[in-house]
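Following: one structure in structure tokens, then a few remarks.
Coordinate-derived values only; no laboratory data. Remember, predicted model here, so these are calculated numbers, not experimental data. As a convention, Cβ positions derive from the backbone with ideal geometry for all residues, glycine included, and neighbour counts pool all protein chains shown.
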Amino acid sequence: MCRLVMMMRRLLVRLKPATWKQCIQGIHTLRWRDTYDMWLRPGLVVLQQSWIPGGIIKFRLPFIRHLVTKKKDKYKIAPVKQKQVKKEVEIKQRMTVFELAEAMDKDTDHVYEALLHTNIDVDSLEQDFILEEKWIKEVIKKSGMKFKWAKLSEEKVKENKDAVRRPHSDPTVLVPRSPVVTIMGHVDHGKTTLLDSLRKTQVAAMEAGGITQHIGAFLVYLPSGEKITFLDTPGHAAFSAMRARGANVTDIVILVVAADDGVMKQTTESIQHAKNSNVPIILAINKCDKPEANHEKVKKELLAYDVICEEYGGDVQSINVSALKGDNLMALAEATVALSEVLELRADCAGPVEGIIIECRNDKGKGPVTTAIIQHGTLTKGCVLVAGHSWAKVRLMFDENNKPMKTAGPSTPVEIVGWKELPSAGDDILEVESEQMAREVLDWRKYVETQEKNKQDLEVIEAKQKEHHELYKKERESYSSLNWRQRKSAMYKANKHLMAARPKESTEMDELSLPIIVKGDVDGSVETILNILDGYDADEQCKLKVIHFGVGEISENDIASAEIFSGLVYGFNVNASKEIQQLATKKRVKIKLHRVIYKLIDDLKDELSGKLALVLEENITGEASVLAVFHVTVGKRKVPVAGCRVQKGQLHRKMKFKLIRDGHILWKGFITSLKHLKDDVPVVKTGMECGISLDKEIDFKLGDEIICYEEKEIQQNISWDPGF
């Protein structure tokens, strides 16, 4: 031990110099015969010597931070094992499963595994499920990581660059403008014929099916020099959205009511649209030339809808007209001009252009085309416009007769060419300074739309999570009184049906469905058809799927989509070229072209009905009542026979029969014999008596009914009622 202490002292003396080289030299001077290892850590030396009692001696040394190994007079410096550093994960409030996995640089399965033995039901977790803070921390802890809160990034508030209508505060810049008048009323009450007489055209004769199916915008010049812009809205029940749009654009509503027909459903709807838009009404009682006309009855019927004519103390002007003969039309025009003067209609002709889109369509030569009413400003070529999610640099302008225009002032209907994409009917038109400004406006509107959609999606997700949490909590409470074995058994039995074999892929395809593509000539027509289809309520019979819709002629893409989904294509007021029809025939895709909307809907109902399975219908051919019961020996057994009299129709031996007692069916099947007196007969007619034996032994009773019937397979009809 003394020798060991002396050696330690010698080592201490030689290791006190701070340099590493001196440390090596000091160790080298120890001439021990046996090999040894010396670990040098910060401030600690450990000597392992084979001949030292216990084998290891530890003592402190300052400034030593490396490992030194001596063996066979060779020295080697080895690196110290670094302490493992836990990975930091930036977290934030309300992270989804996918976001947490992405932040951890793992896949979503890793998150599911970490949550496996928690209170969360992992089987129902989706990637968009929002995790609570404690579960986020739990996942990170189980993954051997540590978390840190992400810095709150102050999102830079996006500048609102939307285009809006400018206030017209200076009345000195406003000038009088002509009124915009909408003709409204029930279908076939003479609205379009009234306009024809005013502008001496024959639009009504050219309308498909004799009804107006678009909003027509026309500028009419009166003999007095006044101008009136007329909008002719459809009167058919299907075009409610178009009538509402017409009432919102207009200054005055002329309500056309047929004197021989009175107030009808679309009449009352038109009144409601006018009231909602706070637009004054002029009553035009049409067809007064007919013998059965009764204009006083019309006025009295309108009192129930708060439309009070001047004759009854109200403020609604009423004019008796005959659109077909042209009687009293000038009086109607003068009443319209007089009311517009009272309303003091004015507009700013020099300011930026403002207007509203009445109709949209895709023209083969012009591209996207919109029919619009200018409300303020003067539209010229080169103006940059925005409407909805589209913009245009005006290339061409046309009037309702397809004649080019150079300018279009307030209250002027105009067709605008130059849109990059087709906007929607009803969108506001606003002029902006440049094309760059137009793009910024559209970017802002798309941003706002995205934000609104994200907000709605978040609300749906939160509601779904809340519902799931309550359901899970309720389920756990029901198992709270059980031990873990009983709980596992109960949960297995409850979820056993979920572990059944995966259904075949054809299961979804087996459900009845009709995929369709809708193409129309103008935006309003497509809008109307889609509004009707939104009311479809027969999904339990056959699902109706609109896989695509648009404006313009039927294209190859429409045929390709219809082929993929095994659907059909409906075209409204559009054509299909010969090449498209040949392609459709080759691909076995049906193309249905219509020009009247209710015929299109009727055709669609037939297609839906054709998807339904055939049903058996019983057609009763004869009825007989049992008057007596007796037995006949056949071979070694007695067979019961019913003695009957035919009360109605005929009994045919080869048809089906059923036995009814007290309103309950006891038997259905075929008879084994039909006899009149002693003869086998094929038919027994009304009033005749007969004997009937069945293919099953049944005890007949007096008063039983025997019905003869035939079964026919008939096509079911879809239960959907579009309302017209």
Of the listed pairs 92/464; 137/158; 86/466, those with alpha carbons more than 25 Å apart are 137/158; 86/466
Cα-Cα longer than 32 Å, checked against 638/668; 455/599; 265/381; 393/545, kept in input order, equals 455/599; 265/381; 393/545
The ³J(HN,Hα) series, computed from each phi in the range 560-575 with the Karplus coefficients 6.51, -1.76 and 1.60 at θ = phi - 60°, rounded to the nearest Hz and given as x for glycine or proline, is 5, 5, 5, 5, 4, 8, 6, x, 9, 10, 10, x, 10, 6, 10, 10
The answer for residue 324, listing residues at least 5 apart or on another chain whose modeled amide H is closer than 5 Å to its amide H, is 287
Computed from the beta carbon distance with a Förster radius of 35 Å, FRET efficiency for residue 393 and residue 564 to the nearest 0.05 stands at 0.45
Rg from C-alpha atoms of the range 82-147, normalised by the globular rule of thumb 2.2 N^0.38 Å, equals 1.06
Interchain or sequence-distant (5+) residues whose placed amide H lies within less than 5 Å of the amide H of residue 628 are 643
Each label sits 7 Å from Cα toward the beta-carbon; between residue 538 and residue 108 the label points are separated, in nm, by 3.9 nm
Interchain or sequence-distant (5+) residues whose placed amide H lies within less than 5 Å of the amide H of residue 358 are 371, 372, 373, 426
Cβ-Cβ cut-off under 12 Å around residue 282, Lys and Arg +1, Asp and Glu -1: the net charge is -4
In nanometres, the difference between 0.36 nm per residue of separation and the alpha-carbon distance of residue 324 and residue 175 is 50.0 nm
For residue 134, counting only aspartates and glutamates whose alpha-carbon sits under 17 Å away and dropping same-chain residues fewer than eight positions off, the answer is 88, 90, 99, 113, 121
Given unit charges at Cβ for Lys, Arg (+) and Asp, Glu (-), the dipole magnitude of the range 539-651 about its Cα centre in debye, nearest 20, is 740 debye
The ³J(HN,Hα) series, computed from each phi in the range 176-191 with the Karplus coefficients 6.51, -1.76 and 1.60 at θ = phi - 60°, rounded to the nearest Hz and given as x for glycine or proline, is x, 10, 6, x, 9, 10, 10, 8, 10, x, 6, 4, 6, 9, x, 5
Taking Cα atoms only, Rg over Rh for the range 510-564 with Rh from the Kirkwood formula is 1.01
For the range 140-149, in residue order, the Karplus 3J(HN,Hα) values (coefficients 6.51, -1.76, 1.60; θ = phi - 60°; whole Hz; Gly and Pro = x) are 5, 5, 5, 8, x, 10, 10, 10, 9, 6
